[in-house]
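To keep things clear, I will list the structure first and then write my remarks on it.
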Amino acid sequence: KILIVDFGSQVTQLIARRVREEGVYSEIVPYQKAEEAFAAMRPKGVILSGGPASVLEPGAPLPPRSLYDAGVPILGICYGEQAMAHQLGGEVEAGHHREFGRAEVQVTDECQLLDGIWTVGEKYPVWMSHGDRVTKVPAGFRAVGTSPNAPISIIADETRHFYGTQFHLEVMHTPHGALLLRNFVRKVAGCQGDWTMRTFKEEAIDKLRAQIGDGKVICGLSGGVDSAVAAVLLHEAIGNQLTCVFVDHGLLRRGEAKRVITMFRGHYNIPLVHVQAREQFLQALDGVTDPESKRKIIGKAFVELFEEEAKKIGGAEFLAQGTLYPDVIESVSATGGPSVTIKSHHNVGGLPERMNMKLVEPLRELFKDEVRALGRELGLPDVFVGRHPFPGPGLAIRCPGEITAEKLEILRYADEIYIEEIRRAGLYDDIWQAFAVLLPVKTVGVMGDGRTYDYVVALRAVTSTDGMTADFYPFDMKFLGHAATRIINEVKGVNRVVYDVTSKPPGTIEWE
Ligand code: XMP
């Protein structure tokens, strides 16, 4: 087991994910809870995450000193390295050059962390994101790597098995990062590597049973993979204490409602309440154009409906959601954490502060591909598990500007054609997510002999492994031309189609 102490980096969960990929169980705890978590977990190693703070500021978040006396290996990454250096008697200096992005580290000495992966004298690409840097190694440590902007880039104390890297080794942009983490987890900390998704499932089921006891749970289904996996997992854990609620908020794709109901009622025999609430949501969203307001309104309306349904089924005290880690991290400051809010996802930050139900979020630590693996482990059909993600607020955030029933209908139709064409071209599984966006802009066109003045549809398709970063999908022009022609010919109200070629960052995947 590995304990990951979080200082608020946007990529802390990637550390956990890499550790899991090594077949080793890991848990993330905020730094304030590190001491008790350590005592409860008795990990074989500790990793200190990066974070936005500076150890030089008064009141900077620091790991408890007891961690250093516990006799277990520690790896500090970026801020974690600086915190370790600072606490153990080294020196940290405020960076005059902030350094973000690609850099090169030259290895200057051997150590177990680099063993078999990096050779002394060689240079390797890494990903940096820091302001401060270590300028003097603490007693007992050696500097073993250097880079132009961080002369002390890797530190090692081989007696205590403490290591620190200024760069982030958990991100894909540090090509050998996963191997270095493997070294830490396997060689330095001596973990076995026998943890699997089946283990996750069993542990999750135990935790759910402990959390819920004989309480009743309602689980919101969105039609997407996450909520379905959460529901099936819960059903395995607590059987008929679970009722699923499927809210048709009128912001779904064509045919979605029917698919969900057939699968849950027909295939799984899980009790399902189908709430028709189109009017209610459309009214609440009437005239609203601000994306964050849309998300919050939808989140609030959802919870109100769930609370009503919970009462009807005899007092469910738990609300289960398929929240994933990227949802958590991107809206975490909305819930008081140390990172910055990008969007308040409706199944996290969009929830009202006062809610009468307790949240159950069994997928909170997972990334999408891990949820898919869990779904397969739970026996969900491949076609379902392989579906592109669909956001809780649905088409509302794919319809920038005011939302009307008419616009939604246009969007649904265009989206259906686009996805149909993607499937027909055999590209669906190469793409992480594809969808149409209806822009609140009308442009002039000519069709037949007449002038048109209609909406613009933007097509979006991205590749990604976890939704945290993404590239636009490089369709060939023929495909795009064909999809555009079909949409313009078949969807009344649209006379122009554009393709979005923005990556994330700087864009996000959804437009709102
Ligand atoms: P962004 O647009 O933030 O999206 O780059 C990253 C991934 O998250 C999905 N997404 C959501 N999922 N509730 C959800 O369940 C939400 O409020 C939400 N907002 C975005 C998005 O579709 C993409 O897969």
Quick one: would you say D471 is over 30 Å from V11 (Cα atoms), touching a strand residue (DSSP E or B) at 6+ places or on another chain (Cβ under 6 Å), within 16 Å of the ligand (Cβ to nearest atom) and in contact (Cβ under 8 Å) with a residue 24 or more places away in the chain? no
Test set (1) surrounded by 17 or more Cβ atoms within 10 Å (Cβ to Cβ); (2) away from the ligand (no atom under 16 Å from the Cβ); (3) not assigned by TED's automatic domain parsing to the domain that holds V491 - R376 fails condition number: (1)
I need the strands (runs of 3 or more DSSP E) fully contained in the range 238-337, keeping only those with at least 1 residues that are within 16 Å of the ligand (Cβ to nearest atom). 242-248, 318-320
R423 passes all but one of the listed conditions (1) within 16 Å of the ligand (Cβ to nearest atom); (2) out of contact with any helix residue (DSSP H, G or I) (no Cβ under 6 Å at 6 or more places or on another chain); the exception is number (1)
Please enumerate the residues belonging to the range 191-223 that are in contact with a Gly (Cβ under 8 Å, 6 or more places away or on another chain) and either at positive phi or among the acidic types (D, E) (or both). G193, D194
So how many residues does the range 205-237 have that are small (G, A, S) and more than 16 Å from the ligand (Cβ to nearest atom)? 4
Within the range 202-225, identify whether any single residue is closer than 16 Å to P393 by Cβ, in the same structural domain as E370 (by TED's automatic domain parsing) and touching a Cys at 6+ places or on another chain (Cβ under 6 Å), and answer yes or no. yes
For the range 477-490, check the following and say yes or no: at least one residue is within 16 Å of the ligand (Cβ to nearest atom), at pLDDT 95 or above, over 18 Å from Y453 (Cα atoms) and not in a loop (DSSP other than H, G, I, E, B). no
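Residues are listed down the side, and each one gets a yes or a no for (1) surrounded by fewer than 19 Cβ atoms within 10 Å (Cβ to Cβ); (2) within 28 Å of the chain's Cα centre (by Cα); (3) of a type outside the set (A, V, I, L, M):
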{"residue": "G392", "(1), (2), (3)": "no, yes, yes"}
{"residue": "I403", "(1), (2), (3)": "no, yes, no"}
{"residue": "V437", "(1), (2), (3)": "no, yes, no"}
{"residue": "G450", "(1), (2), (3)": "yes, no, yes"}
{"residue": "A470", "(1), (2), (3)": "no, yes, no"}
Output for the range 6-47, where each listed residue is farther than 21 Å from C78 by Cα and either assigned by TED's automatic domain parsing to the domain that holds Y325 or of a type in the set (S, T, Y) (or both): Y25
From the list V188, V225, which one is touching a His at 6+ places or on another chain (Cβ under 9 Å), within 24 Å of E21 (Cβ to Cβ) and at pLDDT 95 or above? V188
Matching residues, the range 499-512, being at pLDDT 95 or above and within 9 Å of the ligand (Cβ to nearest atom): I509, E510, W511, E512
Hey, R496 away from the ligand (no atom under 16 Å from the Cβ), farther than 12 Å from I431 by Cα and part of a helix (DSSP H, G or I) or not: no
Out of F38, F100, which single residue is free of Cβ contacts under 8 Å to residues at least 40 places away in the same chain, in a strand (DSSP E or B) and not aliphatic (A, V, I, L, M)? F100
Can you tell me how many residues within the range 399-416 are out of contact with any strand residue (DSSP E or B) (no Cβ under 8 Å at 6 or more places or on another chain) and either of a type in the set (V, I, T) or not in a helix (DSSP H, G or I) (or both)? 2
Expected output for the range 386-401 (first residue assigned by TED's automatic domain parsing to the domain that holds F281 and under 14 Å from G220 (Cα atoms), partner modelled with pLDDT under 95 and within 11 Å of the ligand (Cβ to nearest atom), Cβ below 8 Å, 6+ apart or cross-chain) is none
Which condition does L88 not pass, out of (1) of a type in the set (A, V, I, L, M); (2) touching a strand residue (DSSP E or B) at 6+ places or on another chain (Cβ under 6 Å); (3) under 16 Å from G164 (Cβ atoms), if it passes all the others? (2)
Output for the range 110-122, where each listed residue is surrounded by 12 or more Cβ atoms within 10 Å (Cβ to Cβ), of a type outside the set (A, V, I, L, M, F, W, C) and without any contact (Cβ under 8 Å) to a residue 40 or more places away in the chain: E110
So, first residue more than 30 Å from T469 (Cα to Cα) and touching a residue at least 12 places away in the same chain (Cβ under 8 Å) in the range 424-452, second residue exposed (fewer than 15 other Cβ atoms within 10 Å of the Cβ) and among the β-branched types (V, I, T), Cβ within less than 8 Å, six or more apart or across chains; the pairs are T452/V444; T452/V446
Scanning the range 429-468 residue by residue, the ones that are within 16 Å of the ligand (Cβ to nearest atom) and either in contact with a Gly (Cβ under 8 Å, 6 or more places away or on another chain) or polar (S, T, N, Q) (or both) total 6
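The values are calculated or read from the model by the stated rules, or taken from the named source; none is laboratory data. What you see is a predicted model, and the numbers here were worked out from it, not measured in a lab. Glycine also receives a Cβ, built like all others from the backbone with ideal geometry; neighbour counts cover every protein chain displayed.
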